[in-house]
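Beneath this line is the structure, given in structure tokens, with notes to follow.
The values are calculated or read from the model by the stated rules, or taken from the named source; none is laboratory data. In this text, all values refer to a predicted model and were calculated from it rather than measured experimentally. All Cβ positions, even for glycine, are placed from backbone atoms using ideal geometry, and neighbour counts span all protein chains on display.
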Number of protein chains: 2
Amino acid sequence: MYIKILFFAVVITVIACVYINSTKAEEGMWTFDNPPTKLIQEKYGFTPTQEWLDHTRLSCVRFMDGGSGSFVSPNGLVMTNHHVALGQLQKMSNENTDYVKTGFYAKTQEEEIKCADLECNVLISMENVTQRVLASIKPEMDGREAIKAREAEIAKIEIENKEKTGLQCDVVSLYKGGEYWLYRYKKYTDVRLVMAPEQQIAFFGGDDDNFTYPRYDLDFTFFRIYENDKPLKPEHYFKWNSKGASDGELVFVAGNPGNTDRLNTYSELENTRDLGFPLRLKFINDYLKVIRQYSTKGKEQMRQVLGRIFGLENSKKAITGEYNGLLDANIMKNRKKEEDDFRKLISEKPEWKKKYGDLWDSIQSIIKIRAEQSKSQQFEQLVGSQLFGIASTLVRYVVEIKKPDSERLEGYHDSQLERLKFGLMSPAPIYKELEKDVMTAFLKSSLEMLGKDNKFLQIVLKDKTPEEVVANLVDNSQLNDIELRKKLLEGGEKAIKKSKDPMIQLALELDPMMRERIEWSKQNIESKLTPAKEKIASARFEVYGKNKYPDATFTLRLSYGSVKGYPMNGTLAPYKTTLYGLYDRSLGFDNKGGFALPDRYFQRKDQLDLSTPVNFVTTNDIVGGNSGSPVFNKNDEIVGLVFDGNIESLVGQYVFDITANRTVAVHSAFIIEALRKLYDAPKLADEIE
Amino acid sequence: MYIKILFFAVVITVIACVYINSTKAEEGMWTFDNPPTKLIQEKYGFTPTQEWLDHTRLSCVRFMDGGSGSFVSPNGLVMTNHHVALGQLQKMSNENTDYVKTGFYAKTQEEEIKCADLECNVLISMENVTQRVLASIKPEMDGREAIKAREAEIAKIEIENKEKTGLQCDVVSLYKGGEYWLYRYKKYTDVRLVMAPEQQIAFFGGDDDNFTYPRYDLDFTFFRIYENDKPLKPEHYFKWNSKGASDGELVFVAGNPGNTDRLNTYSELENTRDLGFPLRLKFINDYLKVIRQYSTKGKEQMRQVLGRIFGLENSKKAITGEYNGLLDANIMKNRKKEEDDFRKLISEKPEWKKKYGDLWDSIQSIIKIRAEQSKSQQFEQLVGSQLFGIASTLVRYVVEIKKPDSERLEGYHDSQLERLKFGLMSPAPIYKELEKDVMTAFLKSSLEMLGKDNKFLQIVLKDKTPEEVVANLVDNSQLNDIELRKKLLEGGEKAIKKSKDPMIQLALELDPMMRERIEWSKQNIESKLTPAKEKIASARFEVYGKNKYPDATFTLRLSYGSVKGYPMNGTLAPYKTTLYGLYDRSLGFDNKGGFALPDRYFQRKDQLDLSTPVNFVTTNDIVGGNSGSPVFNKNDEIVGLVFDGNIESLVGQYVFDITANRTVAVHSAFIIEALRKLYDAPKLADEIE
């Protein structure tokens, strides 16, 4: 599923890369300030107007849970994927009512259920602030000072604008420092569930079919955004086209691709391949092992972890696909050649050679230092505890809030506090037994790897066993109580220091070490790597020119392409699938496991038009984070709902190949057919049609 | 499609290899004298009895057109694939009646249509004649003499037994000379068409879906065998099971796999990879180019070449798959390791080292000589002329027939004459315009490659243009007249020498060169390679023991396995597909091209049970030549009809991997459902059920 891939607390964060050298047809996740108008015009004879672009942008919604969505009615109705909504569905379920399993439909607005902690954003405006950000860095500053100055300036821009406009303001670095843009968002936090089908059909085919095609998923959820307790009346929303798009038709996707590494240096890719991915996969497998074990304890335990298993399995399959991309000798060879060509051009001009010639080698040596640190810190973390996360945030908050904004840690700037508090005060349930199982398992594994004399483990365990320590921490912590969190937040440093809560006490003890680590990383990695990569960005601008798209940054992007099948496993994948195929695939596995259909699909089969298209594929260039994005035609009418990429698209993290890289979407006709004939929701169908 | 792959007159014939080292579960195409009883017993708890084996063997039919089949009623009804029957269907069609396109059903026996030149065989008995064959070779003989002696002895055994039993008798070399067996066949040549569906559904998905799965093909044809103008009443035939086999059920396949190279030496594989496959693929592509061009001339021209295009495309896809197998570094590495291990064991025992140590090197040098010859002779042949084939056979026949049997060329022994004459006297139509186009194209390409001074081209062209020569040859040849062929055959050498037919004259002129070439090959290749490979066979027997199966030889083999899906393209392929999926796949391509369904499939859709299984996959180990084989359960009931292997099975030419190598079969239920509800053939359904 094309949800933003979970990034775990593995220290090797992949630094987003510069910008793209040569753009192939359909390639690119374009910012709305720089749409590929000419390319679209040339290939499809359609010219997007500014009005069209504005209408599109303002009809799109970002889900801070890691996905995308769109307005589909004048009454604030928002469409996204079921798997983007999954976390919220789970949070509003309990032992007796499991909306993930049964689905949900609010026949009236009164029945709509408010989400625990869902934030949605609409991108209202963008402003290029590159000059201002760069001007904050003075020539006399060293690397560490430059980072500080840049961070301070960004925080200042954000808060100034927030105060001026009342909007959520984020400065985003594009082209890895080549440009800085201020994105102003209208933020919504009263989001209510209108309709979700059963996970069994939303995720039909389960982990097996995930990231593959041909596919038969009804992966949608409808929310409604409220403002002042009333349904929002958005000025812009997408019209609906129940006929969908025909084979070969031009279609667009607008959404928030999370992260791509299309022009990382070759040494970075090698590092990701040889260290990053193996570590991440080990982490995922260990995590899966413990929560699968937990899920066998009972039906309710199974319900609690189902969403997390889904997310981990999804990441595992995605990362495995990306990993295979890097293990592919041809892909690596091509990337090496690209880099060699670039470096050759630079070395041929003395002026360039002097300015840029050493960059790749110095990046390689920084990467090497970072890798050493990653390996040693992989096991120095507390995994799987929301309670500890809350404690740690509280402990830092009370300290940071007293500093001038420019001195604070990332995440604690004034402009970020609203979002921080929204998360901190979430009423979503915390499952203590689950926390204990996960924490214990990971601590045991750390103990095995690092030995009990390790400083981190000394602080955490104090020579007790992981079981004893975790039982004390979790059982005796009261942080699941929102009122207590509020009290501590408001009580400030004094209240925190006085607290007897064992999680708070542990967070206080670990805080200096964690701060040291952040500072070390800023000093030794970021302050060197960031300017080096900025320089590579400049070099590219200078050598190749600047009419390209930046790597993905979980901000709104536009992608164009067309509906198109592709060569697959010796034959062709069709451009669309139909309801016939849904039954075929289910019966091919005797309606078992992930291929079992909800009962209603057999009970009401004869009422359905089985030739209704179910899913379809397009050549649009998307990645994780685009889940829930609308697929729309040139008339800005929705023809589908992005929910995945095919297995061939996973190397899209590094390279786009139109041959077989495909976006997978739910067809607009299936959504209507299902609402009307399977879910008795004609009112909802009427609202969007 | 798993028809025997067309082998063209490319000189690099791949010499069938020895026998298999270590047998993996389900692996193996076992002879009926040595069934894998113990393996089946161990894995599935079923022990085939001698009675069961005999009944199975006698219910099987070999199609000399290159496929397999089985008796399915007490009235001589035989089932095979549509694509095995394709050549015959085309031969009985003409400009006005195209059974390939429309399908055919004989409601009464009187309406059944006799095939032009179809020979079917039933394997009546087998006898080990190894001792007798080997005894014919005396120690004092050199390689060339040994080959002659062996050939003479084999011809003698064949004709003796034919005279004694009245059966077709073939001596077959198994384990590459490790064993020689006499196979006695009951031969049938009065075979009549009962029922064939439209090619559109038999080959649904066309070249794209060929050799892939999931699949939706109704690839069957029913023939009836006649004896003395009455339907044959076979003592043995398969009962029918319309329920088919369930997921995981033990199933068997009995049929005639054509050829495998599972233990060729590494140098042979390299030669096939670097020379054999590129040459074959070039030949196929050139051939396809000219007949596709021919097919654009009109509807009738299209009809004439459709079967040949099918065959060539089929070979192209199969060979490409096998080629990819050899291009796979892992497969080659494993094969190298196997060989290295074997050679290491041999080198460690001085006695073995002395006897066998040099074999691999000497094979490598023979292969090298053969490769040189192949490259030079690739363009010294007349391609695409049946008329020339007839002329050439007549020219040789009248000479050979006068020699003692032991001195004759292969194909002209007494035991082989009946089959030779059956082919020679075939009333199947010859399309002269097509012959001209193909011959001309290949001659032009030869001229380009070899230059006009080449000896072969001198004889053929005599300084005229290919167009002129071919026009004269084809237009003025009367060999399409069967009576003339008969006259020449009976008239002997004198009639041939007097004939003014230009094809006969050319065949006479080319004959010395062709004979020289055969003799050269026997002298320089066969007489050296055969004993070397025999010795490797002995070495294997000595080093590893002898409880294995021989490489495929287009003789009857038994394979066991079970119904089972497999991992595919990131997900799972189901164990079966259904009629739902047929409509899904058709609509996924807007019912166009190879994915268009015959009209009746839409007209009668509502009468069908769409949950009827269409195709299914099993782990049985088969290759090309197994097309038309029955899939049956332990009660000897037919549950399906083999028609293909999946794309992952194509490397089966070299190595069997149960992970994804699958047999693809039509489900017994679909055949019945189609006969009853789509083709108004309830009588036929009753006969087999």
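Here are some notes:
- All positions within the stretch A:392-415 that are closer than 22 Å to residue A:119 by Cα and free of Cβ contacts under 8 Å to residues at least 40 places away in the same chain: A:393, A:411, A:412
- Residues within the stretch B:607-623 that are of a type in the set (A, V, I, L, M) and within 8 Å of chain A (Cβ to nearest Cβ), tallied: 1
- Search result, residues across the stretch A:546-574 that are part of a loop (DSSP other than H, G, I, E, B) and either more than 14 Å from chain B (Cβ to nearest Cβ) or buried (at least 24 other Cβ atoms within 10 Å of the Cβ) (or both): A:546, A:547, A:548, A:549, A:551, A:552, A:553, A:554, A:555, A:556, A:574
- Qualifying residue in the stretch A:330-343 (condition: under 25 Å from the mean Cα position of the chain (by Cα) and either assigned by TED's automatic domain parsing to the domain that holds residue A:502 or among the hydrophobic types (A, V, I, L, M, F, W, C) (or both)): yes
- Taking every residue in the stretch B:652-663 that is crowded, with 20+ Cβ neighbours inside 10 Å and pairing it with any residue that is of a type in the set (Ser, Thr, Tyr), at least 6 positions away or on another chain, the pairs with Cβ-Cβ distances below 7 Å are B:653/B:260; B:661/B:649; B:662/B:213; B:662/B:566; B:662/B:618; B:662/B:619; B:662/B:649; B:663/B:618.
One line per residue, one yes/no per condition, for (1) hydrophobic (A, V, I, L, M, F, W, C); (2) touching a residue at least 60 places away in the same chain (Cβ under 8 Å):
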| position | (1), (2) |
| --- | --- |
| B:86 | yes, yes |
| B:91 | no, yes |
| B:115 | yes, yes |
| B:139 | no, no |
| B:146 | yes, yes |
| B:152 | yes, yes |
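- Any hit, the stretch B:515-523, residues being part of a helix (DSSP H, G or I) and either within 8 Å of another protein chain (Cβ to nearest Cβ) or acidic (Asp, Glu) (or both): yes
- Check on residue A:577, surrounded by 18 or more Cβ atoms within 10 Å (Cβ to Cβ), more than 9 Å from every other protein chain (Cβ to nearest Cβ), of a type in the set (S, T, N, Q) and touching a residue at least 40 places away in the same chain (Cβ under 8 Å): no
- Unique residue being at positive phi, in the same structural domain as residue A:83 (by TED's automatic domain parsing) and free of Cβ contacts under 8 Å to residues at least 12 places away in the same chain when the list is A:166, A:177: A:166
- Selection of first residues in the stretch B:364-391 that are on the phi > 0 side of the Ramachandran plot and of second residues that are buried (at least 21 other Cβ atoms within 10 Å of the Cβ) and of a type in the set (Ser, Thr, Tyr), restricted to Cβ pairs under 8 Å at least 6 apart or on distinct chains, gives the following pairs, ordered by first then second residue: B:384/B:287.
This table checks each residue for (1) of a type in the set (D, E, K, R); (2) without any contact (Cβ under 8 Å) to a residue 60 or more places away in the chain.
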site	(1), (2)
B:228	no, yes
B:231	no, no
B:239	yes, no
B:242	no, no
B:252	no, no
B:261	yes, no
B:268	yes, no
B:272	no, no
B:278	no, yes
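- Residue within the stretch A:80-91 that is part of a helix (DSSP H, G or I), touching a strand residue (DSSP E or B) at 6+ places or on another chain (Cβ under 8 Å) and of a type in the set (Ser, Thr, Tyr) present: no
- Matching residues, the stretch A:280-304, being crowded, with 19+ Cβ neighbours inside 10 Å and within 23 Å of the chain's Cα centre (by Cα): A:280, A:283, A:284, A:287, A:291, A:304
- Sole exception among (1) buried (at least 17 other Cβ atoms within 10 Å of the Cβ); (2) among the β-branched types (Val, Ile, Thr); (3) under 27 Å from the mean Cα position of the chain (by Cα) for residue B:482, by number: (1)
- Only one of the listed residues (A:584, A:636) is assigned by TED's automatic domain parsing to the domain that holds residue A:216, in contact (Cβ under 8 Å) with a residue 60 or more places away in the chain and in contact with a helix residue (DSSP H, G or I) (Cβ under 9 Å, 6 or more places away or on another chain). That residue is A:636.
- The residues in the stretch A:417-442 that are assigned to a helix (DSSP H, G or I) and either free of Cβ contacts under 8 Å to residues at least 60 places away in the same chain or among the β-branched types (Val, Ile, Thr) (or both) can be counted, and the count is 8.
- Flag for residue B:118 being touching a Gly at 6+ places or on another chain (Cβ under 9 Å), buried (at least 23 other Cβ atoms within 10 Å of the Cβ) and part of a loop (DSSP other than H, G, I, E, B): yes
- Checked across the stretch A:159-169, the condition of being under 24 Å from residue A:58 (Cβ atoms) and in contact with a Leu (Cβ under 9 Å, 6 or more places away or on another chain) holds for at least one residue.
- Helices (runs of 4 or more DSSP H) fully within the stretch B:280-374 counting 2 or more residues that are within 26 Å of residue B:204 (Cα to Cα) and out of contact with any Asp or Glu (no Cβ under 9 Å at 6 or more places or on another chain): B:299-327
- Of the residues in the stretch A:599-606, none is within 24 Å of residue A:240 (Cα to Cα), surrounded by fewer than 24 Cβ atoms within 10 Å (Cβ to Cβ) and more than 9 Å from every other protein chain (Cβ to nearest Cβ).
- In the stretch B:172-182, residue modelled with the highest pLDDT [restricted to those that are more than 13 Å from residue B:131 (Cα to Cα) and surrounded by 22 or more Cβ atoms within 10 Å (Cβ to Cβ)]: B:174
- Taking first residues from the stretch A:305-331 that are farther than 16 Å from residue A:274 by Cα and partners that are outside any helix (DSSP H, G or I), the Cβ contacts under 6 Å between residues at least 6 apart in sequence or on separate chains come to A:311/A:6; A:314/A:1; A:315/A:5; A:315/A:6; A:317/A:210; A:317/A:211; A:318/A:5.
- Selection status of residue A:531, assigned to a helix (DSSP H, G or I) and either without any contact (Cβ under 8 Å) to a residue 12 or more places away in the chain or within 11 Å of chain B (Cβ to nearest Cβ) (or both): no
- Any hit, the stretch B:231-244, residues being of a type outside the set (Ser, Thr, Tyr), within 14 Å of chain A (Cβ to nearest Cβ) and over 19 Å from residue B:563 (Cα atoms): no
- Some residue of the stretch B:219-230 being outside any strand (DSSP E or B) and within 24 Å of residue A:569 (Cβ to Cβ): yes
- Condition check for residue B:512: more than 30 Å from residue A:589 (Cβ to Cβ), out of contact with any Lys or Arg (no Cβ under 9 Å at 6 or more places or on another chain), away from every other protein chain (no Cβ under 14 Å) and not polar (S, T, N, Q): yes
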